[in-house]
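The values are calculated or read from the model by the stated rules, or taken from the named source; none is laboratory data. All values reported here derive from a predicted model rather than from experimental measurement. Backbone-built Cβ (ideal geometry, glycine too); neighbour counts: all protein chains shown. We work out accessible area using only protein heavy atoms, side chains counted, and drop any ligands, DNA or RNA first. Shrake-Rupley method; radii C 1.70, N 1.55, O 1.52, S 1.80 Å.
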Amino acid sequence: MGTFVLLDARLFAPGADLSGASNKIELSSEIEDKETTNYRSAGWKEVLGGLGSAEISAEGQWEAGDPSKVDDASWSTLGGIGPYTVCPTDSTVGALAYITSGMRTDYNVGDAVGEIAPWTGTVKSSWPLVRGQVAHPPGLARTTTGTGTPVQLGAIPAGKRLYAALHVLSASGTTPSITARIESGDATISSPTTRLTFGAAAAPGGQILRGDGTAVADAYYRVAWTVTGTTPSFMFAVSLGIR
């Protein structure tokens, strides 16, 4: 990818796309170092990896009055745990994505008179930070059952897991329902195997799932969905990764 300027970073909270209200997104991850230096360490400190953690901090322009706005979305998730996806460049299928399950720990608003109303917020991880890809873009409405475009994640070795985050951004219609699942297979996924299945969703919200650590030889993955209801329509984003 090379050196680039941050122009279209994306931030997805459990049930909202906060990208249009954000002008700064920072993502950090670290592993605690535990010293194991002893008399046979040859004069050098030795360390082992301890507990890991990740944090997402963001800020931007405050908006309220709709579930998709930053104030409504922040109040509804403050203190709660859910999926978060950060994309450094865009949210098209195959775009780089960082995924975690985390708790919204703080939310701050307000500034001096005459200033654009700002907001800031922080998410602290409860699951590992996973580097992956976008499997479904946020700006494409789905009204019927279907499948997405396969992305190449690679095989999953034993002890590693498939992670998947679903962000339902809008839902409309009479008794609308969407059930999404993650499938794997060959490059065209001609004979799909279901790896993860999200719970049915009827309103904006988020879910995150992970595999059980069993090895998977398939290298390609996609999201598939079943939509029911009268004139249903859903906007959603899905990100996938292996760690």
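See the values below:
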| quantity | calculated |
| --- | --- |
| Count of the range 92-125 residues which are among the hydroxyl-bearing types (Ser, Thr, Tyr), over 19 Å from residue 61 (Cβ atoms) and out of contact with any Phe, Trp or Tyr (no Cβ under 8 Å at 6 or more places or on another chain) | 4 |
| Residues of the range 167-190 classified as among the polar types (S, T, N, Q) and crowded, with 20+ Cβ neighbours inside 10 Å, total | 1 |
| Subset of the range 95-109 that is touching a residue at least 40 places away in the same chain (Cβ under 8 Å) and open to solvent by 40 Å² or more (accessible area, probe 1.4 Å) - its residue that is nearest to residue 237 (Cα to Cα) | 98 |
| From 238, 227, residue being open to solvent by less than 40 Å² (accessible area, probe 1.4 Å) and more than 25 Å from residue 131 (Cβ to Cβ) | 227 |
| Pairs, first hydroxyl-bearing (Ser, Thr, Tyr) in the range 7-19, second buried (at least 22 other Cβ atoms within 10 Å of the Cβ) and at pLDDT 95 or above, C-beta under 6 Å, six or more apart | 19/10; 19/11 |
| Filter result for the condition that a residue is over 26 Å from residue 87 (Cβ atoms), part of a strand (DSSP E or B) and out of contact with any helix residue (DSSP H, G or I) (no Cβ under 8 Å at 6 or more places or on another chain), over 206, 229 | 229 |
| Condition broken by residue 164, with the remaining ones in (1) open to solvent by 40 Å² or more (accessible area, probe 1.4 Å); (2) in contact with a strand residue (DSSP E or B) (Cβ under 9 Å, 6 or more places away or on another chain); (3) of a type in the set (A, V, I, L, M, F, W, C) satisfied | (1) |
| Scan of the range 195-212 for residues that are under 15 Å from the mean Cα position of the chain (by Cα) and basic (Lys, Arg), ordered by number | 210 |
| Within the range 60-90, tally of residues that are of a type outside the set (D, E, K, R) and either farther than 16 Å from residue 130 by Cβ or in contact with a helix residue (DSSP H, G or I) (Cβ under 7 Å, 6 or more places away or on another chain) (or both) | 17 |
| Some residue of the range 163-173 being closer than 24 Å to residue 26 by Cβ and of a type in the set (S, T, N, Q) | no |
| Qualifying residue in the range 114-121 (condition: open to solvent by 60 Å² or more (accessible area, probe 1.4 Å), more than 11 Å from the chain's Cα centre (by Cα) and of a type in the set (Val, Ile, Thr)) | yes |
| Residue check for residue 64: closer than 19 Å to residue 108 by Cβ, touching an Asp or Glu at 6+ places or on another chain (Cβ under 9 Å) and in contact (Cβ under 8 Å) with a residue 24 or more places away in the chain | no |
| Scope the range 159-191; condition assigned to a loop (DSSP other than H, G, I, E, B) and either within 15 Å of residue 238 (Cβ to Cβ) or aromatic (Phe, Trp, Tyr) (or both); matching residues | 189 |
| Subset of the range 37-88 [open to solvent by 80 Å² or more (accessible area, probe 1.4 Å), β-branched (Val, Ile, Thr) and within 13 Å of residue 121 (Cα to Cα)] | none |
